[in-house]
Structure formats: structure tokens, C-alpha cells
Amino acid sequence: MDVIVNPTPNLNGEIGALSSKNYTTRYLLAAALAEGTSTIHFPAHSEDSDAMRRCIRDLGAVLEEDDSKIVIQGFGSHPRDVRELNVGNAGAVLRFLMGVTALCPEVTFVNTYPDSLGKRPHDDLIDALGQMGVQVEHQQGRLPITIKGGQAKGGHIRVSGSVSSQYLSALLFVTPLLAEDSTIEVLNDLKSKVVIGQTLEVLEQAGIIIHASDDYMSFRVPGGQAYKPTTYTVQGDYPGSAAVLAAAAVTQSDVKILRLMEQSKQGERAIVDVLRMMEVPLTHENDVVHVQGNGRLKAVEFDGDAATDAVLAMVAAAVFAEGTSRFYNVENLRYKECDRITDYLNELRKAGANVEERQAEIIVHGRPEGVEGGVEINAHYDHRVIMALTVVGLRAKQPIRIRDAHHVAKSYPQYFDHLQALGASVQWVKE
Ligand SMILES: O=C(O)C1=C[C@@H](OP(=O)(O)O)[C@@H](O)[C@H](O)C1
Ligand SMILES: C=C(OP(=O)(O)O)C(=O)O
């Protein structure tokens, strides 16, 4: 399915933020790893969170869901002996489960998105699992991947953090369940470091003890622990909301998004600070972000690693800013659903934006006068590319058509409904 995005000068109204994808995947996993009954209030519904639901069910968890909560009977440290798992296109779900299936005799992760997740590297995690005595079969570090666990051991584990934080999160989820104590040493740099704060927060809520150094580069994990069944409540999602906030920032708007916690550990809450630096009129009080956009924005410089999943939305806002913006320290955007530097900037250029790339940087020469539009956009299987190009389309002179925009459902299936509710002129069309 494609989406046509028509120029829309005004956005008005209020929406509740979607539920956080990163917290939902983590709570589902923590609940599955606990023996007994856990409850998750307001879990996200999207392809990625559904992938985690499906896989933990395959691994032996029992799930019962109604409109506002999911009740899970976990399998503790004894997942069912399953042969095959399908994570769809969900990177974090794959990496976390590659860790957990170190407890299973032999599981193959199939490759259902050869042009997206199928191209993403997992070598650093494969290497770390090898140090734990887990045999891994793979295609040059890529899917399909077979994990032969069962005999996994703790001890001293080194893992590189220079491509993704998800490898480290995977180890933090599984090592407490091993008989031995572990120490985890992060080699090189740790990208998306803030996300590790979310992993540690969830593990603590599940009663797991981890001793982390302040810089998150080394960890001491006592073995023989048990996840406790408990009750979780999922907070609102900043990465998805960032796109709606960017849309409000580039239009004449009066838009409120509810349920966005000011004290959240999600790095992407930086969207609020970045829009403020861009001089967009907004307030953030009582978990409500209120944007009263006048369409005028100033350029900004920002370390994108602090808010990895909101950078594309920030860049879309910068397309219309006065001056040149720079988003640096973003190389790992290249290893996501698509190459979020080269592929994304190519689509932005098609729409009329003036952008440049470096290996680890996005530079945007703003065009406050607007961009031409009138083009077809390739979504590259990437929900965040779809959301960001929509922001650009709202302020383009001619409509843009985003091909295969249904991939937005990876994280935010109701994105276009939310925009329509705010008055955006967007329509689904069959190919
Ligand atoms: O741990 C997680 O849930 C995630 C970590 C981040 O990935 P990287 O660590 O690969 O940057 C983020 O981009 C992804 O959407 C979700
Ligand atoms: C990169 C993302 O997700 P994942 O790595 O889990 O596929 C994302 O949600 O933008």
C-alpha cells in the first residue's frame, strides 16, 4: 500500500502517544523469563512488538490479552525446545532472542526480510555467544542464524558496542540465568548507550541484580538469578511521537501529545529539546508536549547518538529551518532497516531537500521557502523513513507518494490515522 501526502498548512488537535516499542519488547521478554504470572498494562501493538509476542509464545509462554493489558505465564529459565523462530523485521527482538536461545538446544532464526533485517550484521553478538560456549551457524554474520545453546556458560565476555547496543542488551538479559557469574566488558565504543539504561531499568523491575560501571562499559552479573513475575506499565513512545512533533513544528499548528513522560529514560525525548533549540514554540508539562508551530525553525547542531530513533524526524524538521543543521555521531544509522544516511538522504533529495552526507554525519541546508515535492518515495522497508518523508510532504509544494508505506506498521501502525486526526491530508492508495 502507498500513501499520498498532500501539502497541509495546519495541524490541530490532541492525540495520546502510542505505547513505547522498546519498553514493550523488554517487558514481554522479562515476563517470559519469569516463572509465574506477570501483567503488562498498555503494551504496544506493532509488527515488532507482535514479533516478540509470537516468539515468546513459541518458546512456551502463555499470553492472554484484552484491550488494555496482557497477562503472561512465563517459562522462566526453561524455554521450550523449539526449532524455528520468526522475528519478522525486528532487530532488537532478534538480538535479544539470540541471547535467550543460548538456553535452547537448537533454534534457527529464519530470514523473512532479506532486503532489510537480512542485510543487518550480528557478528559482534555471534562472537560474544561463542565466548559463552554457544555454537552459532550464520551467513557471514547475517540471517538465517542457528543457535546451538544448551551448554551456555557465564564467565568473562567481551562484546563490541560500536555497531549496536542491542548485542549488549542481549547479554544482559541472558547472563543472570546462567549458573556462573559473568563479567561483561564492552569493547570499542558503545553506540546508543542511553538504550542500555532502559534495559537496566527493566531488569531491575524484574528483580535482577546487575552491577554496572557508570559509563556502561563493564558489568558484573551474578549467575543463578531468577526473573520475578511482576506488573509493568508501558510509557508513551518518543521515537514515534518525534515524527508527529516534527510535523507540528513545520506547519502552523496547535498540537498536543499526551503520555510523554518528562523523566523518561528514552533518549529520543531529546526531540523536545531539539525543537526548542530550533525555536519552535512548545511546552512540556504534566507529560503533555504542546507545540504551537508557526512554521519557522532555526538550524541546529546535535549529537544524534543520544536519540538514535528520532534523528530522521529531526532531520525532516531541519529541511525547513533557516541555516545549516548538522547531526553528528550517527554512523550506526547505516545499520538499521536501511542505510538511514545514504538511502534516507537520497529520498529527501528527490523531494527537493538540500542535504549532504558524511560517514557519520547528516548535514541539512535548510529551505524555509519549502521544497518542490511531486515525487515518488521509496520506503526502503523503513518505518522511520516513511514517517520522516511524510513530515517533508506536508510542507512540500506538490503531493508526494510514499510507496509501500504499510511498513510504518513496524513500530507505529496508527501513524497516518493520528496525522489525519490532526487534520493532515494523507490517503492510503492501492498500488
Ligand atoms: O534496544 C533497543 O530496543 C533498540 C536499540 C537501538 O538500536 P541500536 O543499539 O542498534 O542503535 C534502537 O535504534 C532500536 O530501535 C531499539
Ligand atoms: C532500528 C529500529 O528497530 P530495530 O533495530 O529493533 O529493528 C527502529 O525502531 O528504528
List every residue pair whose Cβ atoms lie under 7 Å apart, where the two residues are 6 or more positions apart in sequence or sit on different chains, the first residue falls within the range 276-287 and is open to solvent by 100 Å² or more (accessible area, probe 1.4 Å), and the second residue, located anywhere, is assigned to a strand (DSSP E or B). ARG276/LEU282; GLU279/LYS298
Of the conditions (1) over 24 Å from LEU203 (Cα atoms); (2) buried (at least 17 other Cβ atoms within 10 Å of the Cβ), GLY141 satisfies every one except a single condition; which number is it? (2)
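For the range 74-96, what are the residues that are within 12 Å of ligand 1 (Cβ to nearest atom) and in contact with a strand residue (DSSP E or B) (Cβ under 7 Å, 6 or more places away or on another chain)?
Once the filter is applied, which keeps residues that are within 12 Å of ligand 1 (Cβ to nearest atom) and in contact with a strand residue (DSSP E or B) (Cβ under 7 Å, 6 or more places away or on another chain), the range 74-96 yields only LEU94.
Condition check ((1) touching a residue at least 40 places away in the same chain (Cβ under 8 Å); (2) outside the structural domain of PRO281 (by TED's automatic domain parsing); (3) open to solvent by less than 10 Å² (accessible area, probe 1.4 Å)) across all residues:
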residue: ALA170; (1), (2), (3): yes, yes, yes
residue: PRO176; (1), (2), (3): yes, yes, yes
residue: GLY197; (1), (2), (3): yes, yes, yes
residue: GLN205; (1), (2), (3): yes, yes, no
residue: ALA212; (1), (2), (3): no, yes, no
residue: THR251; (1), (2), (3): yes, no, yes
Is one or more of the residues making up the range 358-368 crowded, with 24+ Cβ neighbours inside 10 Å and modelled with pLDDT of 95 or more? yes
Please verify whether the range 383-394 includes one or more residues that are closer than 23 Å to LEU275 by Cβ and assigned to a loop (DSSP other than H, G, I, E, B). no
Exactly one of (1) crowded, with 22+ Cβ neighbours inside 10 Å; (2) away from ligand 2 (no atom under 16 Å from the Cβ) is unmet by THR390. Its number? (2)
When you look at GLY133, is it open to solvent by 20 Å² or more (accessible area, probe 1.4 Å), in a loop (DSSP other than H, G, I, E, B), more than 24 Å from THR199 (Cβ to Cβ) and away from ligand 2 (no atom under 16 Å from the Cβ), yes or no? no
Go through the range 100-117 and give me each residue that's hydrophobic (A, V, I, L, M, F, W, C) and crowded, with 18+ Cβ neighbours inside 10 Å. VAL100, ALA102, LEU103, CYS104, VAL107, PHE109, LEU117
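The values are calculated or read from the model by the stated rules, or taken from the named source; none is laboratory data. In this text the structure is predicted, and so the values were computed from the model without any measurement. Heads up, the Cβs are rebuilt from the backbone with ideal geometry, glycines too, and the neighbour counts pull from every protein chain shown. Keep in mind that these areas ignore ligands, DNA and RNA; they rest on the heavy atoms of the full protein, side chains included. Shrake-Rupley method; radii C 1.70, N 1.55, O 1.52, S 1.80 Å.
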